[in-house]
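Read-outs throughout are calculated quantities, based only on the coordinates presented, and are distinct from any laboratory measurement. Small disclaimer: the values here were computed from a predicted structure and weren't measured. Neighbour counts are summed over all protein chains in view; Cβ atoms, including those assigned to glycine, are modelled from backbone coordinates with ideal geometry.
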Amino acid sequence: MPVIDSHHHFWHYTAEDYGWIPPEWSRIRRDFLPTDLAAEISAAGVDGVISVQARQSLEETEWLLGLAAQHDFIRGVVGWVPLIDPAIEAHLDRFAAAPKLRSLRHVLQGEPDDAHMLRADFNRGIAALTRRGLAYDILILERHLPNTITFVDRHPDQVFILDHIAKPRIAAGELEPWARHIRELARRSHVACKLSGMVTEADVNTWTPAQLQPYFDVVLEAFGPKRLLFGSDWPVCLVGVGYSRWKTIVADALSPFSTDERNAILGGNAQTIYRLP
């Protein structure tokens with residue numbers, strides 16, 4: 001079974017486009033492109049990746065799909081379209097011929113309204129994805145989980161993938177109310193979860209695998225081996241952990257599962273959930 005990294009980014013760095021990268025994260029304030037990632041995945045024993053939008057623009061989606069067409073190791077793309085636009089169908093038509101577009105994402109964590117996902121126009125956009133067989137990646141913070149539960153309940157036939165385990169407050173060592181809400185969200189069988197983005201929710205300079213373990217324990221028990229996906233969040237992860245080391249940490253955390261279950265989390269589930277071509 002191939003190993004698939006379900007979450008990474010490419011970018012041509014500019015301070016304007018990537019203002020969310022603080023000065024102290026200077027290591028990632030540069031370009032990251034397919035040649036950079038190809039070297040990382042080769043060393044780590046990863047066979048393919050899913051490229052995820054880092055800018056909210058149609059041009060970003062086109063660019064990622066163009067890279068995917070050029071590089072076979074890019075198995076799928078999570079793009080962006082304006083889901084609240086009344087012309088949502090036309091935007092989706094624009095990419096209908098791109099077989100590697102497998103999901104869409106909006107940066108909900110950056111919206112000033114925590115209930116943005118509950119807007120009627122946003123939900124009309126999600127319904128359009130459902131009709132086309134596209135997944136939706138949920139990018140939120142821990143505080144958005146109650147609204148997220150309401151949101152996914154509105155779309156029982158839509159495939160959802162939760163990014164970065166909903167960004168719990170790892171640096172503060174707080175499990176609740178995140179754990180309670182995660183367990184409730186995981187009761188929805190149409191929601192999966194990525195094992196990604198955890199180190200950057202801790203202190204990137206002082207974190208330890210032991211500090212992450214309670215958060216692993218919650219999502220491993222809540223989602224189980226069929227709805228978890230390995231993701232690196234490269235290059236963002238590099239401010240706190242190297243690519244190969246993160247893969248090893250995830251693999252070690254999966255020790256309660258059988259070999260087949262671990263292999264599914266490390267690759268098979270990404271193939272199935274994202275319906276990779």
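The DSSP beta bridges internal to the chain are antiparallel in roughly 5% of cases. Ordering Leu108, Leu228 by the number of other Cβ atoms within 10 Å of each residue's own Cβ, fewest first, gives Leu108, Leu228. Taking segment 79-213 on its own, what percent of its Cα-Cα pair distances exceed 20 Å? Looking at segment 79-213, the distances longer than 20 Å represent 47 percent of pairs.
Taking all Cα pairs closer than 8 Å and separated by 6 or more residues, the relative contact order of the chain comes to 21 percent. If each Cα of segment 28-101 is one equal point scatterer, what is log10 of I(q)/I(0) from the Debye formula at q = 0.15, 0.24 Å⁻¹? With no solvent term, the Cα-only Debye profile gives -0.55, -1.12. The alpha-carbon of Lys100 sits under 12 angstrom from the alpha-carbons of these aspartates and glutamates, leaving out residues fewer than 8 places away in its chain: Glu62, Asp72.
Can you list the lysines whose alpha carbon sits under 16 Å from that of Lys247, skipping same-chain ones fewer than 8 residues off? Within the straight-line cut-off, Lys247 pairs with Lys194. Multiplying the sequence separation of Ala127 and Arg27 by 0.36 nm and subtracting their Cα-Cα distance, what value in nm do you get? Full extension of this stretch gives 32.1 nm more.
Within the chain, the percentage of alpha carbon pairs spaced more than 35 angstrom apart rounds to 9%.
Among Val241, Val77, sorting on how many other beta-carbon atoms sit within 10 Å of each Cβ, with the fewest leading, yields Val241, Val77. Taking label points 7 Å from Cα along the Cα-to-Cβ direction, Arg180 and Asp252 give a separation of 3.2 nm.
Going from the residue with the fewest nearby Cβ atoms within 10 Å to the one with the most, Val152, Val204 rank Val204, Val152.
Excluding same-chain neighbours fewer than eight residues apart, the aspartates and glutamates reachable from Lys226 by a Cα-Cα span under 19 Å are Asp5, Asp137, Asp157, Asp163, Glu184, Asp217, Asp252, Asp260, Glu261. Of the GluC sites (Glu not before Pro) in segment 1-69, the ones in a loop by DSSP (not H, G, I, E or B) with at most 16 other beta carbons within 10 Å are Glu16. Phi angles across segment 29-45 convert, under the Karplus curve 6.51 cos²θ - 1.76 cosθ + 1.60 with θ = phi - 60°, into 3J(HN,Hα) values of 8, 7, 6, 9, 10, x, 5, 5, 6, 4, 5, 5, 6, 5, 5, 8, x Hz, Gly and Pro given as x. Calculated mean residue ellipticity, 222 nm, the chain: -10500 deg cm²/dmol, from DSSP H runs (n ≥ 4) at -39500 (n - 2.57) each, averaged per residue and rounded to 500.
Extending 7 Å from the Cα toward the beta-carbon at both Asp153 and Ala97 defines two label points whose distance is 4.3 nm.
Computed extension gain for Gln211 through Glu111, at 0.36 nm per residue and net of the alpha carbon distance, reaches 33.1 nm.
Distance from the alpha carbon centroid of segment 25-60 to that of segment 241-277 works out to 18 angstrom.
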